[in-house]
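The values are calculated or read from the model by the stated rules, or taken from the named source; none is laboratory data. Note that the coordinates shown come from a computational prediction; the quantities given were computed from them, not determined experimentally. Backbone-built Cβ (ideal geometry, glycine too); neighbour counts: all protein chains shown.
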Amino acid sequence: MINTTHSLLSRLFFVSSLFVSVFLFSASNVSANADSNEPYDLVQHATKHMLEALKANKDQLEEDPTIIYGLVQDILMPNFDFAKMGKLALGKNWRKADSVQRERFVEEFRLLIIRTYSTAMLEYTNEEIKFLPFTGDLSKKKVKVKMEIIQPGGPSIPLALSMYLNKDTGWKVYDVKIDGISLVTNYRSTFATKIRNGGMDKLIDNLANRNEKVKV
């Protein structure tokens, strides 16, 4: 079980790294068709803002890499619904948690995502991203933004962002799938194992300890 958990986490970090690369390189690859719908517009806006922030803070990031946490929080994280992602990541354990545990978990889960994406942001490589024609129905208020990661000398890797329309805050990401593997499902498997072995509070405390350096 330990080896399986480590394997899932390794895959998750790989997913996160590539997802960050999607944000960074989408502006030059997004199609004209994509420009006409809000989910793609969201990605484009975040991309432009993030690239400008990285350029403007290049010297500061070299001296103090922890600055990346604030940049990721301010620019990319508003595009995520952490409460929805956290609920999905806990699965049936969400119903077993009390209100305090849920609140603590969502906050630590938010910091975990920030920490993971920030690490990937500092280490990303320039994968080529190809956006696929948008075939979703915006009126259904749930869409998948699909694309492919082009690997030199290797097969393309399919990637999809699951997004939904929040009536108050607009389009939000609630899951990422790469090569058919869900970020939320991977977390759910890992969290379920930790809860089974030590309980909800221990999982939350463990996340808090790991997130201690993330001050956002």
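Out of the range 153-173, which residues are closer than 16 Å to PHE131 by Cα and not aliphatic (A, V, I, L, M)?
PRO155, SER156, PRO158, SER162, listed by residue number.
Is it true that some residue in the range 61-70 is farther than 14 Å from LEU122 by Cα, assigned to a helix (DSSP H, G or I) and modelled with pLDDT of 70 or more?
no
Please go through the range 196-216 and pick out each residue that is touching a residue at least 12 places away in the same chain (Cβ under 8 Å), over 28 Å from ILE67 (Cα atoms) and surrounded by fewer than 19 Cβ atoms within 10 Å (Cβ to Cβ).
Result: ASP201, single match.
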